[in-house]
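What follows is a set of notes on a single structure, which appears directly below.
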Amino acid sequence: MPGVVSQDHGPRVDLIATGPDELIDRGGANNLISPFNITSPHAGGQATSGFLVEISKLDPAEMDKWRRKYPEAFEREYDPASGLVFDNWVEGGTD
């Protein structure tokens, strides 16, 4: 429908920057834009079925500014189709 946005599942959270005035997520994780309230103290579901969003096309100059300001974030391996790529393994067990 015109004017409607649907996102079934967003990719993993891949934070580029966090701060009081700035929260930049390269992946587009839907958990960062959804309300923090839950349905009840005994259930972890979201308390809403929809909310308002504003979408705008990213200006390439803004992306270049972020690449210069946060180089370590852009050095992480990233797949545009699935988000942040984890390439480490945890081996061993507990004693």
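What pairs come out if I take residues in segment 54-70 that are free of Cβ contacts under 8 Å to residues at least 12 places away in the same chain and pair them with residues that are not basic (Lys, Arg) whose C-beta lies under 8 Å away, six or more apart or interchain?
Sorted first by the residue in segment 54-70, then by its partner, the pairs are ARG67/PHE74.
If you scan segment 55-95, which residues turn out to be under 20 Å from VAL13 (Cα atoms), of a type in the set (D, E, K, R) and at pLDDT below 80?
Within segment 55-95, ASP79, ASP87 qualify.
Look through segment 35-50, keep the residues that are surrounded by fewer than 11 Cβ atoms within 10 Å (Cβ to Cβ) and either outside any strand (DSSP E or B) or among the β-branched types (Val, Ile, Thr) (or both), and return whichever of them is modelled with the highest pLDDT.
Within segment 35-50, the first condition is being surrounded by fewer than 11 Cβ atoms within 10 Å (Cβ to Cβ), and the residues that meet it are 35-37, 40-45, 48-50.
Remaining after also requiring either outside any strand (DSSP E or B) or among the β-branched types (Val, Ile, Thr) (or both): 35-37, 41-42, 48-50.
Working: PRO35: 62, PHE36: 64, ASN37: 66, PRO41: 76, HIS42: 79, THR48: 63, SER49: 66, GLY50: 70.
Here the answer is HIS42.
Exactly one of (1) over 13 Å from the mean Cα position of the chain (by Cα); (2) modelled with pLDDT under 80; (3) basic (Lys, Arg) is unmet by ARG26. Its number?
It fails just one condition, (1).
Output the number of residues of segment 51-95 satisfying the condition of being of a type outside the set (A, V, I, L, M) and in a loop (DSSP other than H, G, I, E, B). Reasoning before the result, please.
To start, the set of residues in segment 51-95 that are of a type outside the set (A, V, I, L, M) comprises 51, 54, 56-57, 59-60, 62, 64-72, 74-80, 82-83, 86-89, 91-95.
Add one more test, that the residue is in a loop (DSSP other than H, G, I, E, B), and what stays is 51, 54, 56-57, 59, 70, 76-77, 80, 82, 86-89, 91-95.
Of the residues in segment 51-95, 19 are of a type outside the set (A, V, I, L, M) and in a loop (DSSP other than H, G, I, E, B).
Among ALA61, ALA73, which is the only one that is hydrophobic (A, V, I, L, M, F, W, C), under 21 Å from ALA17 (Cα atoms) and in contact with a Phe, Trp or Tyr (Cβ under 9 Å, 6 or more places away or on another chain)? Even if it seems obvious, please write down each step before you answer.
Details: ALA61 fails: in contact with a Phe, Trp or Tyr (Cβ under 9 Å, 6 or more places away or on another chain).
One residue alone meets the criteria, ALA73.
The values are calculated or read from the model by the stated rules, or taken from the named source; none is laboratory data. No experiment lies behind these values; they were computed from the predicted model shown. Cβ: placed from backbone, ideal geometry, glycine included. Neighbour counts: every protein chain shown.
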